[in-house]
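Colleague: Okay, handing you the structure first.
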Amino acid sequence: MHPSFTKAKIFASLALIILTFAFTLPMIAFHGTLNNINEGKSEEISSFSKSVWNLYNQGRYKSVATPKESHNNLDKMIESSSEIGVASMPIWAVSLEAPNYPKEAFPEGIPVFFHFDGFSGEVHEMNTINHYVGMDPMWVGGKLEREIAIYALLLLSLIMIYFIAYHHKIFRLGMLIPVVLPILFIADYSYWLYWFGHNLHDWGAFKIKPFMPTVFGDGKIAQFTTHSYPTIGFYLLVAISLLSLLAILARGKAIRQTSV
């Protein structure tokens, strides 16, 4: 076998491993768990789902209202009615700072983390702030994306597995999907920020003109200072993208040199 065929398999395998353990596995394990919690059916949550959530939430931000003894323990989080986020890796982080949220109470401001399949952080508090300026709660946006995310990633994983196993051109084209994943996320995230900022309601106690929230960097909304930056999940998406691109290039090189 041409060495570039081997390299292509290695690059694609590494991309698949990152995708699986950062996103697909925790999404599958936690699928439907929040619904069970919200419906008072916590007894239906499997021990596997709890173990995965506990593992993936080590070291992650917990709401200031969450008792410390409940951190990283889903059973205790449920018992204390704490705010529970999804298990997959967070991709983008947004935080707000304002005079009415003192540093002593909120040392990191009001942070919210965006995932493929949901949110984590101070989600309730952020929705309260959004309501204050006439903005819809976050769950209104990206419903379809969150619903299909797990199936889209499973399909993507299957494409990567076929790329590793077979040399057909169609699988090389399919590998372009993980290459553009970071761009797709930013594009979708930016669209929904625009939608939220341009679909304000009259119920807001504080009236502001339609605006485009900050996608990347620091900004200002009313009396709030905003911070919007990529976090660990996005950097993993970039790694998946680069490895997938290297796999395509290596496969192309091998095919060209073996067909001469």
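Colleague: Are any of the residues in region 11-28 part of a loop (DSSP other than H, G, I, E, B), farther than 19 Å from I150 by Cβ and not hydrophobic (A, V, I, L, M, F, W, C)?
Modeller: Restricting attention to region 11-28, the residues satisfying the condition of being part of a loop (DSSP other than H, G, I, E, B) are none.
No: zero hits.
Colleague: Same structure, new question: It is to be established whether one or more residues within region 192-202 are without any contact (Cβ under 8 Å) to a residue 24 or more places away in the chain and part of a helix (DSSP H, G or I).
Modeller: Taking region 192-202 as the starting set, the residues that turn out to be without any contact (Cβ under 8 Å) to a residue 24 or more places away in the chain are 193-194, 198.
Next cut, part of a helix (DSSP H, G or I) only: 193-194.
Within region 192-202 (the criterion being without any contact (Cβ under 8 Å) to a residue 24 or more places away in the chain and part of a helix (DSSP H, G or I)), the answer is yes, since at least one residue qualifies.
Colleague: Okay, next question. Only one of I255, I186, I232 is open to solvent by 80 Å² or more (accessible area, probe 1.4 Å), more than 20 Å from H131 (Cβ to Cβ), aliphatic (A, V, I, L, M) and in contact (Cβ under 8 Å) with a residue 12 or more places away in the chain; which? Step through it out loud before you land on a result.
Modeller: Numbers: I255 fails: open to solvent by 80 Å² or more (accessible area, probe 1.4 Å); I186 fails: open to solvent by 80 Å² or more (accessible area, probe 1.4 Å).
Being open to solvent by 80 Å² or more (accessible area, probe 1.4 Å), more than 20 Å from H131 (Cβ to Cβ), aliphatic (A, V, I, L, M) and in contact (Cβ under 8 Å) with a residue 12 or more places away in the chain holds for just one of I255, I186, I232, which is I232.
Colleague: On to the next question. Which residues, taken from region 63-72, are out of contact with any helix residue (DSSP H, G or I) (no Cβ under 6 Å at 6 or more places or on another chain) and either in a helix (DSSP H, G or I) or open to solvent by 20 Å² or more (accessible area, probe 1.4 Å) (or both)? Break it down into steps so the answer makes sense when it comes.
Modeller: Start the filter on region 63-72 by keeping residues that are out of contact with any helix residue (DSSP H, G or I) (no Cβ under 6 Å at 6 or more places or on another chain), which leaves 63-69, 71.
Hits for region 63-72 are V64, A65, P67, K68, E69, H71.
Colleague: Give the number of residues within region 189-211 that are open to solvent by 50 Å² or more (accessible area, probe 1.4 Å) and either modelled with pLDDT of 95 or more or not acidic (D, E) (or both).
Modeller: 13
Colleague: Follow-up question, since we're still on this one. How many residues, within region 153-183, are of a type outside the set (F, W, Y) and open to solvent by less than 50 Å² (accessible area, probe 1.4 Å)?
Modeller: 12
The values are calculated or read from the model by the stated rules, or taken from the named source; none is laboratory data. Note that this is a predicted model, so its numbers are computed, not measured. No Cβ is skipped: glycine too gets one built from the backbone with ideal geometry, and neighbour counts run over all protein chains shown. For the accessible areas, the whole protein counts, side chains as well, though only heavy atoms, and no ligand, DNA or RNA atoms are used. Shrake-Rupley method; radii C 1.70, N 1.55, O 1.52, S 1.80 Å.
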